[in-house]
Amino acid sequence: MAVDQSWKGVYKSGGFSLLVGGIILIAFLLSVFIFRVDLPLTAQAVLENPVPPVTLYLAAALGEFLLIPSALGLYFSLKDINKNRMLIAVSFWSVAVTMYLVSRGQIMSLLPLSRSYMPISSDFTRAAYLVSADHALEVANIYGNIALMLHQVGSILTGLVMLKGVYGRRTGILVTASSTMTFI
């Protein structure tokens, strides 16, 4: 099956977005070790030193935002094989990106909270700040997990379409298997 060449720019930008997103993911993982950020994040650690986690998750948000052009590139390259399945997959990816960004926004919202936390001397007030920060981190974790699952469902659907498309059977099997392994 031939690919519609009128969408060549979308294919290239989608592939480039996946490449840059992968580089950002690798940089994120390396930065976790370089900045010595403990994952999962704890409320007290984020409030006492918010710059490393906020910087890391800001970079992660950029990489996750790049999934949108990637999804569009995949949609336009595979829509002739199974338009409905690809539309559903792109919808899952789009909702996942929105939820990823909400999750990262929760973590970034702790930056202004941490500025107020440090000068506080009252234990009661510090405890209230810690509970607020812990709640924000839990919400971020929940949104991040839901986003990951939606992203993987979209990837499984995309991989199933790839089995019959221009990407080849091996690529389709690899995408489907790796996306399925995320659930395990």
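Any read-out appearing in this document is the output of simple, stated calculations on the displayed coordinates, not a laboratory observation. Just so you know, these numbers come straight off a predicted model, no measurement behind them. Ideal geometry is used to build each Cβ from the backbone, glycine not excepted, and the neighbour counts take in all protein chains shown.
By the beta-carbon count within 10 Å of each Cβ, the least crowded to most crowded order of Asp123, Asp4, Asp134, fewest first, is Asp123, Asp4, Asp134. Measuring between their Cα centroids, the range 134-158 and the range 67-111 lie 12 Å from each other. Could you work out the helix-only [θ] at 222 nm for the chain, with each DSSP H run of four or more residues adding -39,500 (n - 2.57) and the total divided by the number of residues, to the nearest 500 deg cm²/dmol? After summing the helix terms and dividing by the residues of the chain, the value is -27500 deg cm²/dmol.
Packing, as the average of other Cβ atoms within 10 Å across residues, places the peptides 8-18, 76-86, 60-70 in the order 60-70, 76-86, 8-18, highest first. Only Cα pairs under 8 Å and 6+ residues apart enter the sum, and on that basis the relative contact order of the chain stands at 26 percent. With each label modelled as a point 7 angstrom along the Cα→C-beta vector, the Ala59-Asp38 pair spans 2.1 nm. Order of Val90, Val166 from fewest to most other C-beta atoms within 10 Å? Listed from fewest to most nearby Cβ atoms, that is Val166, Val90. The 3J(HN,Hα) values that the Karplus relation (6.51, -1.76, 1.60; θ = phi - 60°) gives for the range 72-89 are, in residue order, 5, x, 5, 4, 5, 7, 10, 5, 6, 7, 8, 5, 5, 5, 5, 5, 5, 4 Hz. Gly and Pro appear as x.
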